[in-house]
Amino acid sequence: MAAGLRQVIDLRKDYSNDRYPELCRQYGVDYFHYPIDNDRETIAKMTELFPQFCEKIDHGDFYIACAMGLHRTDIALCIYWVFYAADKGITPPPIKGYRQEDGHNTNKIMRVLNAFYQYKADMEGKDPMPIEVFKERKMVINELSKT
């Protein structure tokens, strides 16, 4: 709180205890659960909560993480950028957990982005953005994993 934290965004898909939401409430910190995974049920939940997720990020003063703060965090911030922030001229997020120099690649990020894109297209009856734009944004993310 002293550092300015006003909200926690929890990216864990499965958790069995309500300790974090209660702890946040105790200290007057907003708690928001935004599960990250690439199964259809989680993608549906991610899509449903996406407008709120973007509002939370835009508001600032947040802590965002999963269990380790690397992989789901990268995925969540990439979804935010590809489907929302890029259109607002916001710089793409740095990649921390899927860096090539650490022996990782962006395959899981791409799987989730693709599933999110397809789910939105199916639900809205149209592509969320031109496919060429989507591919360009994914290329940016791939390049970020190299730097």
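For D39, neighbours were defined as the other residues whose beta-carbon sits under 12 Å from its Cβ, and their charges (Lys and Arg +1, Asp and Glu -1) total +1.
Counted by Cβ distance under 11 Å from V133, the other residues give a net charge of -1, where Lys and Arg count +1 and Asp and Glu count -1.
Computed over the chain, the range of Cα coordinates on each principal axis works out to 46, 38, 30 Å, biggest value leading.
Karplus-derived 3J(HN,Hα) values for the range 135-141, using 6.51 cos²θ - 1.76 cosθ + 1.60 with θ = phi - 60°, are 5, 4, 5, 5, 4, 4, 4 Hz; glycine and proline are entered as x. Scalar couplings 3J(HN,Hα) for the range 76-83, obtained by applying the Karplus form with A = 6.51, B = -1.76, C = 1.60 to θ = phi - 60°, are 4, 5, 5, 4, 4, 5, 4, 9 Hz; x denotes Gly and Pro.
Multiplying the residue separation of E48 and M139 by 0.36 nm and removing their Cα-Cα distance gives an extension gain of 30.2 nm.
Extension gain for D122 to E101 (0.36 nm times residue separation, less C-alpha to C-alpha distance): 4.0 nm. Measuring between alpha carbons in the structure, the pairs from K13/K126; K13/K88; K13/K108; K13/K56; K56/K120; K13/K146 lying more than 24 angstrom apart are K13/K126; K13/K88; K13/K146. Note on R40 and A3: with the Förster distance fixed at 41 Å, the Cβ-Cβ geometry gives a FRET efficiency of about 0.60. Amide H contacts for V8 (H built 1.01 Å from N in the peptide plane; partners 5 or more residues away or on another chain; cut-off under 5 Å): D30, Y31, F32, Y63.
With 13 Å as the cut-off, how large is the P(r) tail for the range 26-86, expressed as percent of Cα-Cα pairs? Provide the component values of the computation, followed by the final result.
Numbers: 1176 of 1830 pairs.
The proportion of pairs with Cα distances above 13 Å equals 64 percent.
In the range 1-51 the Cα-Cα distances spread across 10 Å bins starting at 0 as 23, 45, 27, 5 percent of all pairs.
No lab work stands behind these numbers, since they all come straight from the coordinates. All figures in this text were calculated on a predicted structure; none of them were measured in a lab. Using ideal geometry, Cβ is built from the backbone for each residue, glycine included, and neighbour counts are taken over all protein chains shown.
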